[in-house]
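Nothing in this text is a laboratory measurement; each read-out follows from the coordinates by a stated rule. Note that the structure is predicted; figures quoted are calculated from it, not measured. Note that we place each Cβ from the backbone using ideal geometry, even for glycine, and neighbour counts take in every protein chain shown.
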Amino acid sequence: MQFLNKARICPASGSLSSQSMPVLGTLLDFLIAVRVKLSVYFFILIHFSCNEEIILSIKALKGFKDILPDEVGHWQFIEQTARKIFHRYGFEEIRVPILEKTELFVRTIGESTDIVEKEMYTFVDRNGSSITMRPEGTASVIRSYIDNGLYVRGSVQRLYTIGPMFRHERPQKGRLRQFHQMSVEVLGSNRATIDTEVMAMAWQILQEIGLQASLEINSLGCAACRPSFKEALQTFLQERIQHLCEDCRRRSSSNPLRVLDCKSEHCQAQYTSAPSILDHLCEGCSQHFAEVKQTLSQLDVPFAVNAKMVRGLDYYTRTTFELITTELGSQGAIGAGGRYDGLVRQLGGPEVPGIGFALGMERLVMLLSQKSRQDLGPSLDLFLITLGEKAYEKGFVLLQKLRALGLGAMMDHEGRSMKNQMKQADKQKADFVLILGENELTNLEAPLKDMRSGEQELVELPPAFEDWASSIKTKIRQK
Ligand code: HAM
């Protein structure tokens with residue numbers, strides 16, 4: 001009421017009053033009352049619809065993707081295949097944190113790389129420290145190698161790690177902000193045959209997953225020969241500086257190699273006639289590269305030399321490589337790596353050379369799903385169909401005993417019809433179905449259906465219930 005009374009008081013202009021304008025005052029009351037009611041109505045409406053919207057509309061962040069049960073089979077297959085091969089080559093798993101001090105990535109990946117300049121998820125934590133969500137795995141593995149003195153375990157360490165990485169890139173097909181890598185690092189050997197072995201392993205992983213890619217290799221030289229290449233490149237860039245993008249202009253003096261990695265097509269067109277690093281390699285790097293090529297051929301790993309490949313991270317020396325597919329549009333690199341002989345020293349560790357690579361799991365999964373629609377998820381040994389409450393109760397206990405014996409076993413808990421339970425068994429990819437009803441409990445024999453061949457036979461159920469599970473297991477294992 002206070003509000004309404006106030007409304008009747010003359011406004012600042014002083015031209016209206018409740019006495020001189022009674023009709024207008026009533027009209028005002030009405031409008032205000034209606035407005036208040038409408039406001040309350042809209043408040044309730046918005047409040048409830050907002051609440052509803054909040055519940056319904058929390059979506060995943062852009063560039064962050066769920067891996068759903070229907071897709072996870074491909075992920076598991078890829079991961080299991082890679083793990084098997086890593087172990088075959090003597091690699092051990094290492095798991096490193098997702099968060100690291102920002103400085104670690106700035107010092108290793110390089111200040112003027114796209115990753116550090118534009119793509120890192122960096123924030124100040126509650127203690128005021130600058131923290132970054134790892135954009136790649138190598139820096140963290142090396143940090144851990146030094147931190148934990150892993151070099152005392154042996155002169156050569158073969159490590160692999162699998163997990164999510166984070167880069168704030170523009171999301172598109174095959175490019176996410178949270179993506180997953182399977183990566184390996186060999187620390188402690190500078191032999192060219194190790195480069196070849198590592199590439200051959202990456203090649204074998206792709207083959208065993210059933211994918212094809214082309215292997216492109218290059219050498220980025222070392223601290224001795226790179227300066228002469230940098231100089232030649234800088235002269236080349238100066239001659240066409242006005243045709244380059246802003247990033248390339250800036251990097252042409254601070255870190256000229258980086259320009260060759262520019263994503264602009266316009267810049268790339270300028271670089272077709274750029275000097276080649278391969279013309280500047282010193283004797284040692286030249287020999288190393290020649291041996292890599294020779295031994296790759298000996299192992300029948302096909303490759304092509306791509307002298308323009310510089311990679312997007314600053315730590316590389318000598319051999320670099322990429323595994324490329326043409327089947328994923330512009331995001332064709334399904335894996336990449338190279339040698340980084342100065343990195344451990346640069347991070348305060350001993351003088352230890354290193355080489356490694358990472359495979360991008362999203363891209364592998366995409367390729368695999370394009371090739372095979374087959375669901376690679378886990379299957380079940382047995383689906384137990386029960387008909388009636390008594391069979392359900394018995395089956396419930398039997399199921400647990402089967403699982404304790406190591407069988408993958410499921411049943412229906414919702415009292416569905418025989419037909420629907422059969423459908424469920426099919427969906428769970430069960431190899432066998434055992435049907436348990438009142439008759440089976442009385443006669444102590446139950447039909448066992450082999451879902452792969454369609455054959456059905458009766459299984460004897462021993463007089464003692466305790467023995468049912470092992471008897472069923474024996475029958476299944478005989479098949
Ligand atoms: P990288 O080339 O930055 O190298 O990444 C390796 C692979 O990760 C790429 O070839 C690609 O398949 C995948 N990848 C990279 N960014 C994304 C993204 N935004 N979305 C989806 N997949 C992506 C490294 O990370 C080095 N640490 C590799 C290495 C290990 N070098 C020596 N050791």
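With each label modelled as a point 7 angstrom along the Cα→C-beta vector, the residue 392-residue 290 pair spans 7.9 nm. Near residue 143: Cβ cut-off under 15 Å, other residues only, Lys/Arg at +1 and Asp/Glu at -1. The net charge is 0.
Taking amide H as placed 1.01 Å from N in the peptide plane, the amide H of residue 169 sits under 5 Å from none that are at least 5 places away or on another chain. Stokes-Einstein diffusion for the stretch 380-478 at 10 °C, viscosity 1.306 mPa s, with a Kirkwood radius from C-alpha pairs, works out to 121 µm²/s. Maximal additional length on extending the residue 404-residue 55 stretch stands at 121.6 nm, based on 0.36 nm per residue less the C-alpha distance.
Scalar couplings 3J(HN,Hα) for the stretch 332-344, obtained by applying the Karplus form with A = 6.51, B = -1.76, C = 1.60 to θ = phi - 60°, are x, 7, 9, x, 6, x, x, 8, 9, 5, x, 5, 5 Hz; x denotes Gly and Pro.
Each part gets one Cα centre, and for the stretch 387-450 versus the stretch 323-366 those centres are 49 Å apart. For residue 321, neighbours were defined as the other residues whose beta-carbon sits under 14 Å from its Cβ, and their charges (Lys and Arg +1, Asp and Glu -1) total +1.
Provide the net charge surrounding residue 176, with neighbours chosen by a C-beta distance below 13 Å and charges set as Lys +1, Arg +1, Asp -1, Glu -1. Numbers along the way, then the final one.
Numbers: positive: 62, 65, 167, 170, 173, 175, 177, 363; negative: 66, 119, 169, 362.
Local charge sum for residue 176: +4.
In the chain, a dipole from Cβ-located charges (positive for Lys and Arg, negative for Asp and Glu) runs towards its positive end, and of 278, 179, 266 it is 266 whose Cα lies farthest in that direction.
Near the amide H of residue 436, within less than 5 Å, lie the amide hydrogens of 385, 386, 387, all on another chain or at least 5 residues away, with H placed in the peptide plane. Counting lysine pairs in the stretch 336-473 whose alpha carbons fall under 17 angstrom apart, excluding pairs fewer than 8 residues apart on the same chain, gives 9. For the chain, adding -39500 (n - 2.57) for each run of n ≥ 4 DSSP H residues and dividing by the number of residues yields -13500 deg cm²/dmol at 222 nm.
Rounded to the nearest whole Hz, the Karplus-based 3J(HN,Hα) values (6.51 cos²θ - 1.76 cosθ + 1.60, θ = phi - 60°) of the stretch 386-402 follow the sequence 10, 10, x, 5, 5, 5, 4, 4, 5, x, 4, 6, 4, 4, 5, 5, 4, with x at glycine and proline.
Figure legend: label point modelled 7 angstrom from the Cα of residue 372 along Cα→Cβ; residues of the stretch 57-90 with amide N under 17 Å from it are 70-85.
Over the alpha-carbon set of the stretch 287-406, divide Rg by the Kirkwood Rh and report the Rg/Rh ratio to two decimals. Show your work: numbers first, answer last.
Details: Rg = 25.3 Å, Rh = 19.6 Å.
Across the stretch 287-406, the Cα-based Rg/Rh ratio is 1.29.
Placing a pseudo-label 7 Å from each Cα along the Cα-to-Cβ vector at residue 231 and residue 423 gives an inter-label distance of 7.7 nm.
If you stretched the chain out fully between residue 92 and residue 148, how much longer would it get, using 0.36 nm times the residue separation minus the C-alpha to C-alpha distance? Numbers along the way, then the final one.
Numbers: separation 56, 0.36 × 56 = 20.16 nm, distance 1.52 nm.
Length difference between fully extended and current span is 18.6 nm.
Kirkwood analysis of the stretch 146-205, using all unique Cα-Cα pairs, places the hydrodynamic radius at 14.0 Å. Between residue 438 and residue 263, the contour length at 0.36 nm per residue exceeds the Cα-Cα span by 56.0 nm. Amide H to amide H distances under 5 Å link residue 334 with 323, 324, 325, where only residues 5 or more positions off or on other chains count and H is placed in the peptide plane. Could you give log10 I(q)/I(0) at q = 0.07, 0.12, 0.14 Å⁻¹ for the chain, computed by the Debye formula over C-alpha point scatterers of equal weight, without solvent? Log10 I(q)/I(0), no solvent term: -0.60, -1.06, -1.30. Computed from backbone phi, the HN-Hα couplings of the stretch 247-264 come to 4, 5, 4, 5, 6, 4, 9, 7, 8, x, 4, 4, 5, 5, 9, 4, 7, 6 Hz, rounded to whole numbers (Karplus: 6.51 cos²θ - 1.76 cosθ + 1.60, θ = phi - 60°; Gly and Pro given as x).
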